[in-house]
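> Next up is a structure, given as structure tokens.
Please treat every number below as a calculation from the coordinates, not as lab data. These figures come from a predicted structure and were not determined experimentally. All Cβ positions, glycine included, derive from the backbone under ideal geometry; neighbour counts span all protein chains shown.
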């Protein structure tokens, strides 16, 4: 059992059942009935919400326990959710296969991040959207969630460089916000938000 299986095996939903606020704001850009890939969706809060908006959603994660809870949440909400147990270290979507990729607090180590990010970007159809929110290195001053490893925290400049020649950034921001996402994300946080479109 990996660390995420252990975390998600605890009662309740670690990050709540409501979608991330930045995702909720950004999803208006998606065309109706878009195909959406949600890597690192854990217990499914974001994928289930997107499915409830009428999109065809595939949530992928390396925690089978999390994905089981995602399917339970989807059933509770009366929506259909595809799930796949994968490791982003060695998995890639089919090129030009989806309309959107949603990365919400998917903190990858340096050893796999660049390959994984570029593979996910290539999975987008031309004009497709990538919606990303992650903790900024300045999050280390806060105790509202996230890894305590600066190499797993993202600056806007770093993301723009990693997605170069694949995605055109359309909105990039970093700053403080207040999180209320289950017991896992609570309180003042310093985040990076990155929105880009497939070239």
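> Just from its helices, what would the mean residue ellipticity at 222 nm be for the chain, if runs of 4 or more DSSP H residues each count -39500 (n - 2.57) and the sum is divided by every residue, rounded to the nearest 500 deg cm²/dmol?
Result for the chain, helices only: -7500 deg cm²/dmol.
> Rounded to the nearest 5, what is the percent of antiparallel bridges among the DSSP beta bridges in the chain?
Working: 21 of 38 bridges.
Given both bridge residues lie in the chain, the antiparallel proportion sits at roughly 55 percent.
> Also: For the stretch 119-199, what is the relative contact order in percent, using Cα pairs closer than 8 Å and at least 6 residues apart in sequence? The partial results should precede the final answer.
Numbers: 152 pairs, mean separation 36.1, N = 81.
Value for the stretch 119-199: 45 percent.
> For the residues 171, 4, 49, what sequence is obtained by ranking on other C-beta atoms within 10 Å, fewest first? Don't jump to the answer; show the numbers that get you there.
Numbers: 171 13, 4 18, 49 23.
Sorted ascending by nearby Cβ count, the order is 171, 4, 49.
> Pick from 135, 13, 22: which is most flexible by mean-square fluctuation in a GNM of the chain where alpha carbon atoms under 10 Å apart are linked?
It is 22.
> Using 0.36 nm per residue of separation minus the Cα-Cα distance, give me the extension gain between residue 87 and residue 199 in nm, one decimal.
Additional length available on full extension: 37.7 nm.
> Which value, to two decimals, describes the C-alpha radius of gyration of the stretch 3-198 once divided by 2.2 N^0.38 Å? Working shown, then result.
Working: Rg = 15.3 Å, N = 196, 2.2 N^0.38 = 16.3 Å.
For the stretch 3-198, the normalised Cα radius of gyration comes out at 0.94.
> Relative contact order (percent) for the stretch 3-198, with alpha-carbon contacts under 8 angstrom and 6 or more residues of separation?
Values: 425 pairs, mean separation 39.7, N = 196.
For the stretch 3-198, the relative contact order is 20 percent.
> Working from the pairwise distances between different alpha carbons, so that the mean of 1/r is found and then inverted, what is the stretch 73-171's Kirkwood radius in Å?
Details: mean 1/r = 0.0669 Å⁻¹.
It is 15.0 Å.
> Something else now. So how do 73, 167, 188, 159 line up by other beta-carbon neighbours within 10 Å, fewest first? Numbers along the way, then the final one.
On the way: 73 20, 167 27, 188 13, 159 24.
With the sparsest Cβ surroundings first, the list reads 188, 73, 159, 167.
> Pulled fully out, how much extra length does the chain show between residue 25 and residue 152, if you take 0.36 nm times their separation in residues and subtract their Cα-Cα distance?
Numbers: separation 127, 0.36 × 127 = 45.72 nm, distance 2.48 nm.
Once the chain is fully extended between residue 25 and residue 152, it gains 43.2 nm.
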